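Computed from the coordinates by the stated procedures, all read-outs in this text should not be read as laboratory data. Quick caveat: nothing in here was measured; it's all calculated off a predicted structure. Cβ coordinates were reconstructed from backbone atoms using ideal geometry, including for glycine residues, and neighbour counts include every protein chain displayed.
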Amino acid sequence: MEAILMKVMASLSLATYPDANSAKIAANAVAVVKKIDAALHAVAVDVDIPDVSNALSNYLLDLPYKIQEAEATSHKRGKALLEAINQEAARAGVTLSTQELAAPPALMGDVAAKHSRYFDVCLVGWAPDNQTARMLAEAILFGSGRPTLLLPDSTDVGVLGHVVIAWDGSRVAARAVADARAFLERASTITVLTVTDEKPLPGQGIGQRLALGLRTRGLAAEAVSIQAGDSSIGTALQEHALKIGGNLLVMGGYGHSRVRDFVLGGATEGILADLRLPVLLSH
């Protein structure tokens, strides 16, 4: 019997309120799923604000109207983003399904994370001042059990031909390499990047060992060691990745959630604070 190859399914969670993703996410998300020959499921996460108004707040603040206005704005933005993705997917010949979910402001991340568990990889659009996108990304990274690919608004996601792996020999880094398989299989170049002066590493030559393992699997991989020096680890990784022409950075996402308040590791925080290229984070 002929083996059936499973098609990868990617989920895209769209921020709508109070900050919405920019329309740039449409082209970027479609470019990524086309690259890995995946199907795309795009979800607009709309805000649903519980009505806690009373007669006095109605009189003083006109609360019901403000709630209605916020929900209408969120819904309208979600519809516009889904429409842009629809057009982009049709142009690129990408299989697309869409959905709208509604959640109270404090639970939007949780709802997106639970929804994301049914897919292989999760996509989130990213802009430095978009707190809603950051909240969705953190919730999905720590709550979905799936790899989370951050797509910065500042760049056009192109070929993703040169994949850079941030490697420290840890469990989360190993998980990230496994989760990045679809990207690694299609990469023309893979660089295993180890920062040697940031923390004690579990041995000598760990980058070379991973690169050798990837070459044994038939992939074009080489290992490079760098020093972060005065730069933060997140900055050093991204700067070196860009310097060598990397299109995608793959790394473990450190941190844990304390009731929707995320405590992040240094490298993860550095990446989220200043994202310069597409980054696949795995927890």
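Listing for the model above:
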{"item": "Those residues of segment 3-23 whose amide nitrogen sits under 16 Å from the label point placed on Lys79, 7 Å along Cα→Cβ", "result": "16-17"}
{"item": "Karplus (6.51, -1.76, 1.60) ³J(HN,Hα), θ = phi - 60°, over segment 218-223, in Hz, Gly and Pro reported as x", "result": "x, 9, 8, 10, 9, 10"}
{"item": "Loop chymotrypsin sites (Phe, Trp or Tyr not before Pro), segment 49-138, which have at most 14 other Cβ atoms in a 10 Å radius of their Cβ (DSSP)", "result": "Tyr118"}
{"item": "Theoretical gain in end-to-end length, Ala70 to Ala90 [0.36 nm per residue, Cα-Cα removed]", "result": "4.2 nm"}
{"item": "Additional length obtainable on full extension of the chain from Met1 to Lys199, 0.36 nm per residue less Cα span", "result": "66.3 nm"}
{"item": "In order through segment 39-49: 3J(HN,Hα) via Karplus (6.51 cos²θ - 1.76 cosθ + 1.60), integer Hz, x for Gly, Pro", "result": "9, 10, 10, 9, 10, 8, 9, 8, 7, 10, 8"}
{"item": "Approximate spin-label separation Asp156-Ala23, in nm, with each point projected 7 Å along Cα-to-Cβ", "result": "1.6 nm"}
{"item": "Alpha carbon Rg of segment 9-152, scaled by the compact-globule rule 2.2 N^0.38 Å", "result": "1.09"}
{"item": "Cβ-derived FRET efficiency at R0 41 Å, Thr216 paired with Arg117, nearest 0.05", "result": "0.80"}
{"item": "Entries in Lys35/Lys243; Lys34/Lys76; Lys79/Lys114 that, when Cα-Cα distance is taken, lie over 24 Å", "result": "Lys34/Lys76"}
{"item": "From the coordinates shown, semi-axes √(5λ) of the Cα gyration tensor in Å corresponds to which of (1) 36, 22, 15; (2) 34, 27, 14; (3) 27, 23, 19", "result": "(1)"}
{"item": "Longest exposed-site-free window of the chain, the sites being trypsin sites (Lys or Arg not before Pro) in a DSSP loop that have at most 15 other C-beta atoms within 10 Å", "result": "8-116"}
{"item": "Ellipsoid semi-axes in whole angstrom, largest first, where each is sqrt(5λ) of the Cα gyration tensor of segment 156-258", "result": "20, 16, 15"}
{"item": "Fewest-first sequence of Met9, Met108 by Cβ atoms within 10 Å of each Cβ", "result": "Met9, Met108"}
